[in-house]
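Participant: Got a structure for you, written out below as structure tokens; questions coming shortly.
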Amino acid sequence: MRRKILLLLPALLLLGSCGVEPLTASTSAVPADASKPPALKYPVTKRIDHIDTYHGTRVADPYRWLEDAASGDTKSWIQAQNALAQPYLESIPARERIKQRMTQLWNYERYDTPLKRGNRYFYLRNDGLQNQSVLYITERLGAEPRVLLDPNQLSKDATVALSEFVPSPDGRLIAYSLSDGGTDWRTWHFRDVETGKDLPDVLRFIKFVPVAWTADSKSVYYARFPLKADGQGDDSKQREVFWHKLGTDVARDPLIFKVTDHPTRNPYVQISDDGRYAIFWLYDGSQSTGIYYRKLGRDGAPAGELVRLIDSFDANYEFIAEIDDVFYIRSNLGAPNGQVIAMPVAGKKETRVVLPAGPFSADEVSIVGRRIIVRYLQDAHSLVRVFDLDGKVQYDVRLPGLGTAQGFEGGVDDNETFFAYADFLTPMSISRLDVATGETELFRAPKLAADTSGFVVKQVFYKSKDGTKVPMFIAHKKDLVLNGQNVVQLYGYGGFNIAQQPSFSVPVLVWLEMGGVYAVANLRGGSEYGESWHEAGTKLQKQNVFDDFIAAAEYLVTEQYTSPAKIAIRGRSNGGLLVGAVMTQRPDLFGAALPGVGVLDMLRYHTPSANARQWSSDYGLSENEAEFRAQLAYSPLHNVHKVCYPPTLVTTADRDDRVVPWHSYKFAATLQEAQSCANPVMLRVETRAGHGAGKPVWMQIEDYADQWAFLVKSLHMEAGGPAVAAGR
């Protein structure tokens, strides 16, 4: 079970094609007072007298009314903000050329890793500019595939997305989920693979969890939220696990498991490969998980009592696989870099360590073909090593470079698996791995009609405020001159045990073609160096993350890559918090800020849903006085003062139910009221969009075109030719 299920940064492994002339740009210094534009007239935002008291401290919340998304006042305010931002962004001359170039580069064929079930292979493919990737099926990898599901046919604006798909063990059926308009709520359907027709069964009120097939391919286990009085799902409560037999009334599905002895633990369900066990993974924060199980009968029905295999909730435990009544589990108890342990079913033998912790972080582990495949992080890039079930090294998987490898899914008895590889200059390719021999074979590699040979990627290490050595990737043109005047986009995340590894992105390639430098800082809070690196960026130590990011910007200035007026900072979700925090702490250090779908009110982030409350493993809770004091010190919303902030484009979406959009609304309103200079503070609110997953290609292009154009104008980027205007 993957632990990185909350606040996930949507992957930007977005590739491209089409032979056109690149968009180029260079930079030149512009004095801060040159042709100073008049201050914008922002929409009037009413203030109310609302005070909350935390541990004796009174905290004003004058824009609390913006939390009511259904109110007419909030809707009118959003319309007014978009009416200000959109004409401003569309009037920037460079925007249309940037959009055109992104569209051209996005137009190339790309694949995701195939998944084999029965004698069939299932995989996603996009022919280039399809808004949603299409699900294909084939009986043989080299044969012509056929379309099994095309989500582009489900809505006119392509905002209904295929979110997950899970083939049945025999490959005859497929369970798939749809997301409507960007919401995290999923509706699960079942399709007959042979006929292409859907069964009548539909499962609703599910978030973040796939269904789990029983061995006979006739039923599934699933975890959904309980229902409110109006019949809708209530995600302020804990999930409950049900069992559904295909062809029966969903309303009568029996409840199989629910947490009754703890208010915040949420269950996920998996079925062992041999179909004999239902495994319940209980999540209560990234360092507080447990594993229970129940034995199943031949028909998939529960046939035994609940067994609490791991009930200590003193570390992170992840179920990998069950083989011959032995559960293989990734654990970081006493092993910050992660270890693999083998735990027999209750009452049989003792637990043993199969793979002890090593020098690198064991970020992901799977078992395929009775081999343990470990994806290690070595200075934030992938090292893939394969072991036998006794922990003996078999081989390292050959990778094309210092990039990111992902995938390696399959059954414990499969003889093959597939993995994807990408780096900053290499679009995602798909390879097949013969698990027994270690031989790899390229399955698909995209043809990108852009020459990336003129760019270079380097990894540097810099010191943070407390002396900690932090890695950072820097990409730029080979002929870059270190004169302190280059435009830099600095990206970061720093949280939830999620590493920032090399990946390919069409918008980033366009940025590089424009002459920009792109930097990714591997901040504490991620998993780059195991649990100790993660923990050093959580709760009372969260300020370390912001110090790391500030130090990254200072390094880029000291090393003559750029100057403060030429640095743009960008981050999404937890990265949006990062941008909001550092721009309020060091507004003098940055030339522009792009906080996207950010967590910006740290005192109330946990109020909308049970999912948000579980972020407390990183953030803490304002109900705890020490954690409240730490939050108040960096919460972006509560640290805005009347100073000159850099040009800022706050982005969110009206249907984001992961990081609810009122974070961005309140932060933008506060910034606009406090801004003491002419630098613009804009709010861009997408409609029929959510946190990012399932966003159609057309909408992604519009979003990035707006952001990059905003940077062209804010950072005073000069055109590299007559076709692109500086847009000042």
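The values are calculated or read from the model by the stated rules, or taken from the named source; none is laboratory data. All values reported here derive from a predicted model rather than from experimental measurement. Here the Cβ positions follow ideal geometry from the backbone for every residue, glycine too, while neighbour counts run over all protein chains shown. SASA here: full protein model, heavy atoms, side chains in, ligands and nucleic acids out. Shrake-Rupley method; radii C 1.70, N 1.55, O 1.52, S 1.80 Å.
Participant: Got at least one residue in region 646-654 being within 25 Å of the chain's Cα centre (by Cα), open to solvent by 10 Å² or more (accessible area, probe 1.4 Å) and more than 26 Å from Ala552 (Cα to Cα)?
Facilitator: Yes, because at least one residue in region 646-654 is within 25 Å of the chain's Cα centre (by Cα), open to solvent by 10 Å² or more (accessible area, probe 1.4 Å) and more than 26 Å from Ala552 (Cα to Cα).
Participant: Consider His638 carefully, then state whether it is open to solvent by 40 Å² or more (accessible area, probe 1.4 Å), out of contact with any Cys (no Cβ under 7 Å at 6 or more places or on another chain) and either modelled with pLDDT of 95 or more or more than 21 Å from Tyr493 (Cβ to Cβ) (or both).
Facilitator: Taking the combined requirement at face value, the residue satisfies it.
Participant: Given the options Thr404, Thr426, Thr468, Thr452, name the one that is in contact (Cβ under 8 Å) with a residue 12 or more places away in the chain, closer than 30 Å to Asp127 by Cβ and more than 21 Å from the chain's Cα centre (by Cα).
Facilitator: Thr452
Participant: Here's something else I'd like to know. So which residues in region 513-540 are in contact with a His (Cβ under 7 Å, 6 or more places away or on another chain) and not hydroxyl-bearing (Ser, Thr, Tyr)?
Facilitator: Listed by number, the residues that qualify are Val517, Gly525, Gly526.
Participant: Related question: Please give the number of the condition Ala612 fails out of (1) aliphatic (A, V, I, L, M); (2) farther than 13 Å from Lys542 by Cβ; (3) touching a strand residue (DSSP E or B) at 6+ places or on another chain (Cβ under 9 Å).
Facilitator: (3)
Participant: Tell me whether region 238-245 contains one or more residues that are closer than 25 Å to Pro200 by Cα, open to solvent by less than 10 Å² (accessible area, probe 1.4 Å), among the hydrophobic types (A, V, I, L, M, F, W, C) and touching a Leu at 6+ places or on another chain (Cβ under 9 Å).
Facilitator: There is at least one residue in region 238-245 that is closer than 25 Å to Pro200 by Cα, open to solvent by less than 10 Å² (accessible area, probe 1.4 Å), among the hydrophobic types (A, V, I, L, M, F, W, C) and touching a Leu at 6+ places or on another chain (Cβ under 9 Å).
Participant: Sort out which residues of region 376-388 are part of a loop (DSSP other than H, G, I, E, B) and either in contact with a Lys or Arg (Cβ under 6 Å, 6 or more places away or on another chain) or open to solvent by less than 20 Å² (accessible area, probe 1.4 Å) (or both), and write them in order of number.
Facilitator: Ala380
Participant: Determine whether Ala83 is at pLDDT below 95, more than 30 Å from Glu625 (Cβ to Cβ), surrounded by fewer than 21 Cβ atoms within 10 Å (Cβ to Cβ) and not acidic (Asp, Glu).
Facilitator: When the stated conditions are applied, Ala83 does not pass them.
So that you can scan it fast, the table gives a plain yes or no per residue for (1) more than 24 Å from Gly285 (Cα to Cα); (2) in contact (Cβ under 8 Å) with a residue 24 or more places away in the chain; (3) open to solvent by less than 10 Å² (accessible area, probe 1.4 Å):
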site	(1), (2), (3)
Ala521	yes, yes, yes
Gly525	no, yes, yes
Gly537	no, yes, yes
Asn544	no, yes, no
Ala552	yes, yes, yes
Ser563	yes, yes, no
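Participant: If you go through region 562-621 one residue at a time, how many are over 20 Å from the mean Cα position of the chain (by Cα) and of a type in the set (S, T, N, Q)?
Facilitator: Selection size over region 562-621: 5.
Participant: Among the residues of region 178-215, write down those that are of a type in the set (S, T, N, Q) and either surrounded by fewer than 22 Cβ atoms within 10 Å (Cβ to Cβ) or outside any strand (DSSP E or B) (or both).
Facilitator: Within region 178-215, Thr183, Thr187, Thr195, Thr214 qualify.
Participant: Conditions: (1) in a helix (DSSP H, G or I); (2) of a type in the set (A, V, I, L, M); (3) in contact with a Pro (Cβ under 8 Å, 6 or more places away or on another chain). Leu89 meets all but one. Number of the miss?
Facilitator: (3)
Participant: I would also like to ask the following. With the condition kept exactly as written, say whether any residue in region 517-533 is assigned to a loop (DSSP other than H, G, I, E, B) and under 22 Å from Phe710 (Cα atoms).
Facilitator: No, region 517-533 contains no residue that is assigned to a loop (DSSP other than H, G, I, E, B) and under 22 Å from Phe710 (Cα atoms).
Participant: Could you list all residues from region 88-135 that are of a type in the set (Phe, Trp, Tyr) and either open to solvent by 30 Å² or more (accessible area, probe 1.4 Å) or within 30 Å of Trp511 (Cβ to Cβ) (or both)?
Facilitator: Of everything in region 88-135, those that are of a type in the set (Phe, Trp, Tyr) and either open to solvent by 30 Å² or more (accessible area, probe 1.4 Å) or within 30 Å of Trp511 (Cβ to Cβ) (or both) turn out to be Tyr88, Trp106, Tyr108, Tyr111, Tyr123.
Participant: Among the numbered criteria (1) more than 18 Å from Pro647 (Cβ to Cβ); (2) open to solvent by 10 Å² or more (accessible area, probe 1.4 Å); (3) in contact (Cβ under 8 Å) with a residue 40 or more places away in the chain, which single criterion is violated by Thr607?
Facilitator: (3)
Participant: Can I ask one more? Checking Val579 against (1) open to solvent by 10 Å² or more (accessible area, probe 1.4 Å); (2) in contact (Cβ under 8 Å) with a residue 12 or more places away in the chain; (3) over 30 Å from Asp451 (Cα atoms), which single condition isn't satisfied?
Facilitator: So Val579 meets the others, but not (1).
Participant: Residues of region 216-237 being more than 20 Å from Val660 (Cα to Cα) and open to solvent by less than 60 Å² (accessible area, probe 1.4 Å), which ones?
Facilitator: Asp216, Ser217, Ser219, Val220, Tyr221, Tyr222, Ala223, Arg224, Pro226, Gly231, listed by residue number.
Participant: Counting just the residues of region 344-359 that are open to solvent by less than 60 Å² (accessible area, probe 1.4 Å) and not small (Gly, Ala, Ser), which one comes out nearest to Val307 (Cα to Cα)?
Facilitator: Across region 344-359, the extreme among qualifying residues is Val345.
Participant: Among Ala669, Ala678, Ala689, Ala626, which is over 26 Å from the mean Cα position of the chain (by Cα) and open to solvent by less than 10 Å² (accessible area, probe 1.4 Å)?
Facilitator: Answer to the selection: Ala669.
Participant: Would you check which residues across region 427-450 are open to solvent by 60 Å² or more (accessible area, probe 1.4 Å) and modelled with pLDDT under 95 and list them?
Facilitator: The one that is open to solvent by 60 Å² or more (accessible area, probe 1.4 Å) and modelled with pLDDT under 95: Lys447.
Participant: Restricting attention to region 463-489, which residues are in a loop (DSSP other than H, G, I, E, B), open to solvent by less than 10 Å² (accessible area, probe 1.4 Å) and under 25 Å from Thr426 (Cα atoms)?
Facilitator: Within region 463-489, just Val487 meets the criteria.
Participant: Output the residues belonging to region 569-608 that are over 18 Å from Tyr665 (Cα atoms) and in a loop (DSSP other than H, G, I, E, B).
Facilitator: Matches in region 569-608: Arg586, Phe590, Gly591.
Participant: Look at Val659 and say whether it is over 28 Å from Gly56 (Cβ atoms) and open to solvent by less than 10 Å² (accessible area, probe 1.4 Å).
Facilitator: yes
Participant: To continue, here is another question. Which ranges mark the strands (runs of 3 or more DSSP E) fully within region 263-338 that have 1 or more residues being without any contact (Cβ under 8 Å) to a residue 60 or more places away in the chain and surrounded by fewer than 20 Cβ atoms within 10 Å (Cβ to Cβ)?
Facilitator: By residue number, 289-295, 307-310, 326-331.
Participant: Given the criterion farther than 27 Å from Thr404 by Cα and either in contact with a strand residue (DSSP E or B) (Cβ under 8 Å, 6 or more places away or on another chain) or not small (Gly, Ala, Ser) (or both), identify the matching residue among Tyr88, Tyr111, Tyr136.
Facilitator: Of the residues listed, the single one that is farther than 27 Å from Thr404 by Cα and either in contact with a strand residue (DSSP E or B) (Cβ under 8 Å, 6 or more places away or on another chain) or not small (Gly, Ala, Ser) (or both) is Tyr88.
Participant: Test Trp213 against the stated conditions and say whether it is under 24 Å from Leu296 (Cβ atoms) and in contact (Cβ under 8 Å) with a residue 40 or more places away in the chain.
Facilitator: The answer is yes for Trp213.
Participant: I need the full set of residues from region 352-375 which are in contact with a helix residue (DSSP H, G or I) (Cβ under 9 Å, 6 or more places away or on another chain) and part of a loop (DSSP other than H, G, I, E, B), in order please.
Facilitator: Ala357, Phe360
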